[in-house]
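The values are calculated or read from the model by the stated rules, or taken from the named source; none is laboratory data. Predicted model, so just to flag it, every value in this text is computed and none were measured. All Cβ positions, even for glycine, are placed from backbone atoms using ideal geometry, and neighbour counts span all protein chains on display. SASA here: full protein model, heavy atoms, side chains in, ligands and nucleic acids out. Shrake-Rupley method; radii C 1.70, N 1.55, O 1.52, S 1.80 Å.
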Amino acid sequence: MSKLVLTRKENNNNNNENSSIIVHDKGNVFLTITVIKINGKQVRLSLESENDSVSIDRKEVFQRKYDGEE
């Protein structure tokens, strides 16, 4: 199991490149997570995958689709 916990500060230069996280397996990129905006206690994230076989769902949507099986 892999886990990464981050604390990010607002990036005032509007360069989100340094505010991205790459999820990969030995260089094979599955997902890019980017901090789009921080507004007070609210953070807006973008989750992107160029791989058509990768689905991105909120947990409750995933559970509805697969009857709670993870």
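Number of residues in the stretch 16-33 that are at pLDDT 90 or above and open to solvent by 100 Å² or more (accessible area, probe 1.4 Å): the value is 2. In the stretch 34-48, the count of residues that are modelled with pLDDT of 85 or more, in a loop (DSSP other than H, G, I, E, B) and surrounded by 10 or more Cβ atoms within 10 Å (Cβ to Cβ) is zero.
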